[in-house]
Structures are given as C-alpha cells and as structure tokens.
1. For segment 135-207, what's the radius of gyration and Dmax over Cα atoms, in angstrom?
2. When the Debye formula is applied to the Cα atoms of segment 142-181, each taken as the same point scatterer, what base-10 log of I(q)/I(0) results at q = 0.20, 0.25 Å⁻¹?
3. Ordered by residue, what ³J(HN,Hα) values in Hz, to whole numbers, does segment 251-263 give under the Karplus form 6.51 cos²θ - 1.76 cosθ + 1.60, where θ = phi - 60° and Gly and Pro are x?
4. State which entries of Lys46/Lys152; Lys46/Lys94; Lys61/Lys261; Lys94/Lys261 exceed 25 angstrom in Cα-Cα distance in the structure shown.
5. When ranked by the protection proxy of mean other Cβ atoms within 10 Å per residue, highest first, what sequence do the peptides 67-78, 262-273 form?
6. If I stretch the segment between Arg53 and His137 completely, what's the gain in nm (0.36 nm per residue apart, minus their alpha carbon distance), one decimal?
7. Ignoring everything but the protein chains, give the 1.4 Å probe accessible area of Met114 in square angstrom, nearest 10.
8. Below 8 Å between Cα atoms, with a sequence gap of 6+, how large is the relative contact order for segment 111-157 in percent?
Amino acid sequence: MTDLDPQTEERIESPVSDEAEREARLTPAQAVEQMRINVPVRGNRKLRTLLERVNADRQLKGWWHVANVNAVVRMEINDHSWVHIQIVSNIALKLLRQLTKHHVEPSMVRDYGMTEDESEVVVLLGALLHCIGMAVHRDGHEDFSLFLAEPKARELLAGLYEEPDITVLVSEVLQEITSHRADGNPLTLEAGIIRVADALDMAKGRSRIPFEHGKVGIHSLSAAAIEEVTITDGEAHPILIEIQMNNSSGIYQVDGLLKAKLRGSGLEPYVEVVAHIDTESEKRLIQVYRLET
C-alpha cells in the first residue's frame with residue numbers, strides 16, 4: 001500500500017495472530033508502553049499536535065488494550081489492538097488525500113467553510129476512536145464508543161480549536177463512529193472514509209486469528225486468503241483499490257464484506273475495486289472441510 005507510514009508497513013508484514021495474542025497477555029502497563037501511532041502528518045500542524053497528544057494518552061491506549069483482550073483472548077476474533085487503529089488511520093488519511101488530490105471536496109470544507117486540515121483532523125480522530133467501545137463489549141461497541149469518545153475528543157482538541165468549532169469537529173467524529181457499523185448511514189465524505197478504511201484492514205492475514213484457532217468457515221478462510229491491499233490512482237476513478245489473494249475464497253472478503261461497507265458510504269463514485277487471484281499457485285488452506293450441523 002503506498003504512502004503509508006513505514007512502521008505501519010512493517011506491522012502489516014508481521015504475523016498478526018502471534019503478535020496480537022502475545023500483546024493481549026501483557027500487563028496493561030507493558031502493553032501501553034509499546035503503543036505509538038504514526039501517520040504522515042505532512043504540513044498539518046494541528047494533526048501533528050493531535051498525534052503527539054494521542055501518543056502521550058495512557059487512558060486511550062488502555063482502551064485499545066482492553067479492546068484487544070476482548071477481541072483476541074476472550075472472543076478469538078480478528079485483531080482490534082492499536083495496530084488495527086494505526087492501519088485504519090493510515091488508510092483513512094490515504095483515502096482522504098487521494099480524493100482531495102483529485103479535487104473531491106471534503107464535507108468539512110463544503111458544509112462549514114473549514115479547510116482540508118480540519119478534514120484530516122476529523123478523519124484521524126474518527127480512526128483513533130472508532131472502536132474503543134470494544135473495551136466494553138463487542139455487542140453494540142459502536143454505541144459504547146460514542147460515549148467514551150465524546151469527552152476524549154474534546155480533551156484532545158482543547159486549545160487547538162475554540163467553540164463552536166470544537167463542537168462541530170467532535171460531532172463529525174461521532175458521526176464517523178456510528179456510521180462505521182454494518183448498517184451505518186454516513187452523511188459525510190469523512191464518515192464514508194472511516195467506514196471503508198475499517199473494512200480495508202485485511203492484508204497479510206490481518207483477520208486470520210479465527211482460522212488459526214481452527215474455526216474453519218467462509219469468514220476465516222477468506223480472511224486468510226488476502227495477501228495485499230494497495231491504494232493508487234485509478235484510470236476512471238480517483239481511487240483504485242487492488243486486492244491480491246492467494247486463494248479464491250478471498251472473494252467473500254471483497255464481494256461480501258468490503259462491498260457492504262462501500263455501498264452507501266458515499267465513496268462509490270470515486271472508487272474502483274479490483275481483486276487478483278493467483279490461480280496457478282492457489283494455496284490449499286485446508287485438507288478436508290466437513291460441514292458441521
């Protein structure tokens with residue numbers, strides 16, 4: 001994937017199941033000590049300050065740790081650690097910048113007369129806070145994220161903006177959070193970006209934990225089949241998302257899961273998705289599949 005923070009590239013390459021489970025077994029103090037979010041801030045000074053505050057915020061990191069324990073240890077589902085947060089943050093900023101490069105106007109600019117810098121701040125905050133409710137429970141985690149995120153977003157923005165701008169920014173972040181759910185209804189470009197970015201954290205076996213725990217099904221098989229996701233300029237659209245698969249079961253991730261998140265996101269006119277399957281050397285993920293009834 002192009003234009004991602006180098007550390008994010010490195011973390012995507014690492015075996016997620018071993019690392020996510022190992023991290024979930026650390027003490028809270030040990031776990032938060034190694035967390036550091038990196039994104040390309042470019043010339044956005046407020047984004048840089050926000051990132052510095054986030055990396056010094058042990059409460060926020062504590063939520064990420066509990067979310068990972070709930071996901072990986074207790075439920076044995078895909079990784080929801082700070083690594084997921086970092087990847088979604090990088091993808092979301094990449095999508096936004098790709099769109100603005102092609103003169104697509106963000107909602108913060110169109111609706112409030114703010115700048116693209118404010119759009120980047122809203123997108124980064126949405127990515128950072130979108131699933132902190134997993135620290136409470138998986139069921140209804142979007143709603144739990146809302147009540148945790150509202151005061152935290154205000155705290156992180158304090159001094160960077162004044163009222164009523166803070167209320168506007170926080171409200172837009174909350175919309176991103178509630179809209180990233182399966183039946184969400186994004187009303188802004190930024191909310192649609194978070195919804196799609198969350199779904200694109202699928203490369204290099206990022207979601208293969210259930211498969212490695214022996215839970216064989218279309219969800220686990222298809223997740224294990226995704227090798228790489230790249231985001232570049234499209235020929236007919238501002239964004240081309242290319243997905244490399246080692247197995248045709250990965251089509252479910254694209255046609256079933258990503259398609260559902262893309263539909264209704266508001267990004268449909270700007271995105272084309274192409275999946276490539278290595279059919280000649282297709283990996284045999286399991287020897288025998290027996291249907292359990």
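1. In Å, with Rg to one decimal and Dmax whole: 13.7, 43.
2. -0.54, -0.78
3. After applying 6.51 cos²θ - 1.76 cosθ + 1.60, I find 4, 4, 4, 7, 7, x, 9, 5, 4, 5, 6, 6, 5 Hz.
4. Working: Lys46/Lys152 16 Å; Lys46/Lys94 17 Å; Lys61/Lys261 27 Å; Lys94/Lys261 17 Å.
The pairs that break the limit, which is 25 Å between Cα atoms, are Lys61/Lys261.
5. Details: 67-78: 19.5, 262-273: 17.0.
Result, highest mean first: 67-78, 262-273.
6. Here the segment from Arg53 to His137 would lengthen by 27.7 nm.
7. The accessible area of Met114 comes to roughly 30 Å².
8. On the way: 26 pairs, mean separation 12.3, N = 47.
The value is 26 percent.
The values are calculated or read from the model by the stated rules, or taken from the named source; none is laboratory data. These numbers were taken from a predicted model, which means no experiment stands behind them. Every residue, glycine as well, gets a Cβ built from its backbone with ideal geometry; the counts of neighbours run over all protein chains shown. Protein only, heavy atoms only, side chains kept; ligands, DNA and RNA dropped before computing areas. Shrake-Rupley method; radii C 1.70, N 1.55, O 1.52, S 1.80 Å.
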